[in-house]
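*Asks:* Here's a structure for you.
The values are calculated or read from the model by the stated rules, or taken from the named source; none is laboratory data. These numbers come from a predicted model, not from an experiment. As a convention, Cβ positions derive from the backbone with ideal geometry for all residues, glycine included, and neighbour counts pool all protein chains shown. Just so you know, the surface numbers come from the protein's heavy atoms only, side chains and all, with ligands and any DNA or RNA stripped out. Shrake-Rupley method; radii C 1.70, N 1.55, O 1.52, S 1.80 Å.
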Amino acid sequence: MNLKTRLVSSAVCLLALPGFSQDKLSDNKQAVIHSVETHQDKLIELSDKIWAFAETAMLEHNSARVLSDYAESQGFKVERGVAEIPTAFIATYGSGKPIIGIMGEFDALPGLSQKAQTKKEPLEIGSAGHGCGHNLFGPGSLGAAIAIKELLQNGHLKGTIRFYGTPAEEDLAGKVYMARAGLFNDLDVSLDWHPDYENKANMQSSQAVTDYTISFQGKSAHAAFDPWQGRSALDAAEFFTTGINSLREHVKPSVRMHYVYTQAGKVPNVIPEEASVWLWIRDSKRSGVVEISDRMKKIAQGAALMAGVGYTIKLNSGLYEILTNESGANVLHKNMNLVGPITYTKEEIAFANDIMKEYGSEPEGIKGEINPLEAKKPDPPGGSTDVGDISYIVPEISLLATTAPYMSPWHSWVVVACGGMSIGHKGMLFAAKSLGLTMVDLFQDEQLRKDIKAEFIRRKGQEVWQAILPEGPPPVPESN
Ligand SMILES: [Zn+2]
């Protein structure tokens, strides 16, 4: 999830309770646990490889290859390069209904390279790192999909399992391109998980966001000799951001607007001909973002008029907020409890505390227990994800699993370090098991699927999902 923010919980557990007892589990659920444990060395190996590749949005060639090759070796039919994204793929097993999807991300964040140790030290200076734990996300989801595939193969479940290799979550909105291509349309239910510092069935939404570039076009001239001939695009950009900052006073507290200047002239003695602002607008719901976007467009027009320059507004992408599903979260929560809390060794707890001290935060251990199911809050925590768009197409069930010390700073070297060692691996295996057990219920229980779908339809209301993207193919970068 990009720019994640966290909810503070008072209960912190340093030493989690012992794990689950398998006698409460049905045969199919026991088979899922057994499958994840059988494949766990391979899942850890995949995660560590993706962690070391640390490839950024739409450039995850090696990461997508190892995941899709493993799916293929397990008997899945793999389609690579879907939705015109070379690193997007779908791995399918089985036939007919129900069709259950599970998503796996694998993109890294620029500049966050870090070794799997408690001292800050890059693996490779200036390179990317898995500061959001997506190296765990992909293999964890694939582990759950493989467990279900084995049950379909031996006839204990009926239907289709589909693993979605979803690139470019941190930037470029990979899932939205896949959704625009209609790749999620026939699913009954979709699942995902995300690394976190708590274990819980996610009941909270995320922020809707729209990403724009506002550019101004002026006329250059000598800034001292004949400035009257020039028109400054930078003046317009400054008027624009002044307008945006005044707008803050007159929007709801749930709105967030943040920008950077991407062009602002090159040298003071040339009146800048080109200036650009990169702006994100967020709110709790898509409708709120649309309202603020309309006001932003008038501010851009006014700024251009004041400076006597031209302007263009380019839509880069936009994301919907997550449509939560309580019926789905409930069944996930029950299954998480069947798996039981994650337990940590003394060394892992020491690692967690040392790394937080090194970062400059109070060490609070690792939280291995499973949080109680929360009530849905009126406004989500800050941050947006392209899972939101999928949740408007198909009912979505989301898990959060502990892969880092409690209260870890997300998108930081701390998360990179923990994602490359056993703390991260344990969270990944917990996620694989919990999602696998949940999928057993989804395949077996038609009434559960109906309840989840009915809630989805009710929550979605009149909103018609539409990809918020510019025309044309995905913006696949040439290289890092
Ligand atoms: Zn993330």
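For every residue, the table says whether it meets (1) in contact (Cβ under 8 Å) with a residue 40 or more places away in the chain; (2) open to solvent by 70 Å² or more (accessible area, probe 1.4 Å); (3) farther than 30 Å from GLY427 by Cβ.
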residue: LYS200; (1), (2), (3): yes, no, no
residue: ASP211; (1), (2), (3): yes, no, no
residue: LYS219; (1), (2), (3): yes, yes, yes
residue: HIS222; (1), (2), (3): yes, yes, yes
residue: SER232; (1), (2), (3): yes, no, yes
residue: ILE244; (1), (2), (3): yes, no, yes
residue: ARG248; (1), (2), (3): no, yes, yes
residue: LYS252; (1), (2), (3): no, yes, yes
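*Asks:* Next up: Restricting to the range 181-232, and then to whatever is of a type in the set (S, T, N, Q) and assigned to a strand (DSSP E or B), can you tell me which residue is farthest from the chain's Cα centre (by Cα)?
*Replies:* In this case the residue turns out to be GLN217.
Here's the yes/no breakdown for (1) within 25 Å of the chain's Cα centre (by Cα); (2) modelled with pLDDT of 95 or more; (3) farther than 29 Å from LYS119 by Cα:
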| residue | (1), (2), (3) |
| --- | --- |
| ILE349 | no, yes, no |
| GLY360 | no, yes, no |
| ILE366 | yes, yes, no |
| GLU374 | yes, yes, yes |
| PRO378 | yes, no, yes |
| ASP386 | yes, yes, yes |
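*Asks:* May I pose another question? If PHE239 satisfies all but one of (1) surrounded by fewer than 24 Cβ atoms within 10 Å (Cβ to Cβ); (2) more than 20 Å from PRO268 (Cα to Cα); (3) of a type in the set (A, V, I, L, M, F, W, C); (4) touching a residue at least 60 places away in the same chain (Cβ under 8 Å), what's the number of the condition it fails?
*Replies:* Evaluating PHE239 over (1) surrounded by fewer than 24 Cβ atoms within 10 Å (Cβ to Cβ); (2) more than 20 Å from PRO268 (Cα to Cα); (3) of a type in the set (A, V, I, L, M, F, W, C); (4) touching a residue at least 60 places away in the same chain (Cβ under 8 Å) leaves (2) as the failure.
*Asks:* For the range 59-76, does any single residue satisfy the condition of being β-branched (Val, Ile, Thr) and assigned to a strand (DSSP E or B)?
*Replies:* So far as the range 59-76 goes, no, none of its residues is β-branched (Val, Ile, Thr) and assigned to a strand (DSSP E or B).
So that you can scan it fast, the table gives a plain yes or no per residue for (1) within 17 Å of ASP294 (Cα to Cα); (2) out of contact with any Leu (no Cβ under 9 Å at 6 or more places or on another chain):
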position	(1), (2)
THR213	yes, no
PHE216	no, no
TRP228	no, yes
ASP235	no, yes
SER246	yes, yes
ARG256	yes, yes
TYR261	no, no
PRO268	no, yes
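*Asks:* Are there helices (runs of 4 or more DSSP H) fully within the range 279-392 with at least 1 residues that are open to solvent by 40 Å² or more (accessible area, probe 1.4 Å) and out of contact with any strand residue (DSSP E or B) (no Cβ under 6 Å at 6 or more places or on another chain)? List them.
*Replies:* Of the helices (runs of 4 or more DSSP H) lying wholly inside the range 279-392, those with at least 1 residues that are open to solvent by 40 Å² or more (accessible area, probe 1.4 Å) and out of contact with any strand residue (DSSP E or B) (no Cβ under 6 Å at 6 or more places or on another chain) span 286-307, 326-339, 346-359.
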